[in-house]
């Protein structure tokens, strides 16, 4: 969790609001969420990059462990009761969690479901040695073909002819949720916006991302205010940090 | 940490799953392989559980064939038909033997000098028997192209018959466009009526009848005898000389005012000259009825072999009196020689261990061989794996299988010593 007011004040300080221009709360909120999503999405590509290097066994320095810790902030475990009440049953499957960003592991009881493409799924069903069982279920996920295109469905099979539905099987899952939208809210006193701690929403990112958030927002603000020096400063600091992290 | 921590001694001895500690389940092997062999910083960085499961099952099957111990066996008393159906999960046999009164096995040997071929049904002219109509008959495939099911009639695919369900007067089961019936020729009809409910003979007016019929040249009906009860009927009808020959059809016709309920099957209509000669393999019949040479006195005295010491060319594979068998893979049966009739026979056989979830387990002596097998199978099927790594795992797999085979062969030093003592008898005296 990163306090949004801390970030806002730092951005304003960097931007030198008296000289170069004020960043309004509305603008800040837009840039804040853009920055949060950028950092969040980059995790998954960094994971792939990190997996290619040997890594190390020292605490707090292995890149994969660090990334795993940052991502774990968004990782959610849902039990069967939640799945049954939230994920509606549709033909042969059930809908995706409404706040899902990336699917993690779907399980039938304790058995992890191997997620395949629909083509692989259909091929696996046909073969006696690869056909799913209760201890080795398989599944696939579809997004297209729904009335509401943002909602997909998961199909899980526990035999060549049986689809597992939450009502009949202990289906539980873990997934990465969408980061909550950060909001710097305020009330006006003497024509000035004062931070409202009660209705504001902090960044969900790991605390280690605080400075990167500041740099990114600063960069966006520079672009928005047509102040190339601010933009370049933000970009430069961001690059320096990235270089330091990934060296 | 101990593997037995979850099972109390008392629960084990009171249960039925004795000796299971020597095995590890295939599901555990797959799970353990996924945890230990697959992942970052490992040679197999990524593998689908499905692929691992596939190779694990293949490994289990292959090791079942020649590394694991053969533990499956069935015992039957050979019936007079001298046949035994192969077990559900049969892949091959390791030993077939008959058991004497003290429970000692006597090995039966396979014979390759006989078989059970499909017997072609021939007619008197030694040609192929080809009836005009063969419907719902176990001996023939029913060609339904020209069959019309009238009101109250329906095909019963399960029982391979046609059901008449309260069929009213005039209802028909018809074959159209059959071979033209020729004048002066006789035709034999055989059919079976079943499932006709009991009818009280006293109330004849209520008896329902069905009549087989065929068209003569002028469209006049040539009827066979009307039937009203269950039975198998054979009857001959001749087309008179006054008839010509054109479109022919044949049908079963409900000819009573009472509705007919019953089933018809085994329908064969053929020219009377075209009757079947034989059904069933004469080869098998001969083997079944033959008396084993070993039970005769041929080998006991010099009646058959008049010159002493002149049994030249005796073939060891036939020089035994235990009996013989052959396996007909087409019918899935073992056929025994006649001297085995009534004997208790044991079939020791191997399966691929994939028949049921319960048998998908591996002896712990072969657990390492399973891991090495799966690892090699995955690496050899993956793109961009250096050949030296594949070869390394190939060697490791081979070594692990060899170790497993050696361990499972159950050689114990004391037992081996005892056997060797016996072998030295001849040297002693």
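How do A:204, A:75 line up, fewest other C-beta atoms within 10 Å first?
Details: A:204 18, A:75 13.
Going from sparsest to densest Cβ surroundings: A:75, A:204.
Return the percentage of antiparallel bridges among DSSP beta bridges fully within the protein assembly as shown, rounded to the nearest 5 %.
Of those bridges, close to 95 percent are antiparallel.
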Hey, what did the range A:75-177 get for relative contact order, percent, Cα under 8 Å, at least 6 apart?
43
Largest first and in whole Å, give the semi-axes of the protein assembly as shown's equivalent ellipsoid, each being the square root of 5 times a Cα gyration tensor eigenvalue.
76, 46, 21
Order by neighbour count: B:252, B:23, fewest other Cβ atoms within 10 Å first, most last.
B:23, B:252
Rounded to the nearest 500, the 222 nm mean residue ellipticity computed for chain B from DSSP H runs (n ≥ 4, each -39500 (n - 2.57)) alone is -7000 deg cm²/dmol
Decide, for the range B:1-127, between rounded, prolate and oblate: order the square roots of the alpha carbon gyration tensor eigenvalues as a ≥ b ≥ c, take rounded if a/c falls under 1.5, and otherwise choose prolate if a/b is larger than b/c, else oblate.
oblate
For chain A, just say rounded, prolate or oblate: build the C-alpha gyration tensor, square-root its eigenvalues into a ≥ b ≥ c, call rounded for a/c under 1.5, and beyond that prolate if a/b exceeds b/c, oblate if not.
prolate
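If each DSSP helix of 4+ residues adds -39,500 (n - 2.57) and the sum is divided by the residues in chain A, what number results at 222 nm, nearest 500 deg cm²/dmol?
Details: 8 runs with 102 residues, N = 247.
The helix contribution divided over chain A gives -13000 deg cm²/dmol.
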Compute the long axis of helix B:367-381 from its Cα atoms, compare it with the longest principal axis of the Cα atoms of chain B, and write down the angle in degrees, 0 to 90, nearest 10.
70
Taking the range A:173-237, how much of its Cα-Cα pair set, in percent, is spaced more than 14 angstrom apart?
70
Would you mind ranking B:55, B:88 by Cβ crowding within 10 Å, fewest neighbours first?
B:88, B:55
P(r) for the range A:1-93: what percent of alpha-carbon pairs falls in each 5 Å bin, starting at zero?
2, 10, 13, 13, 11, 13, 14, 12, 7, 3, 2, 1, 0
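Within 10 Å of each Cβ in peptide A:109-118, how many partner chain Cβ atoms are there on average? Round it to a whole number, please.
Details: counts 0, 0, 3, 3, 1, 6, 1, 2, 0, 0.
Mean number of neighbouring Cβ atoms from other chains: 2.
Evaluate the relative contact order of chain A (contact order divided by residue number), counting alpha-carbon pairs under 8 angstrom at least 6 apart; express in whole percent.
On the way: 367 pairs, mean separation 66.3, N = 247.
Relative contact order of chain A: 27 percent.
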7 Å from Cα along Cα→Cβ at both residue B:122 and residue B:35: what's the point-to-point distance in nm?
6.9
What whole number of Å gives the distance from the Cα centroid of the range B:20-37 to the Cα centroid of the range A:192-207?
50
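Return a whole-number percent for the relative contact order of chain B, with Cα pairs under 8 Å and 6 or more residues apart as the contact set. Please report the intermediate quantities before stating the final value.
Details: 723 pairs, mean separation 113.5, N = 429.
About 26 percent, as a whole number.
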If R0 is 30 Å, what FRET efficiency do you get for residue B:179 and residue B:158 from their C-beta distance, rounded to 0.05?
0.50
The range B:323-427 shape via C-alpha gyration tensor axes, a/c threshold 1.5:
oblate
Semi-axes in Å, largest first, for chain B (Cα gyration tensor, √(5λ)) are 62, 35, 23
Kirkwood Rh, the range A:75-177, all Cα pairs: how many Å?
13.5
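Read-outs: derived from the displayed coordinates by stated rules, not from any lab. Given the structure is predicted, the values throughout are model-derived calculations rather than measurements. Every residue, glycine among them, receives a Cβ derived from its backbone with ideal geometry; neighbour counts consider all protein chains shown.
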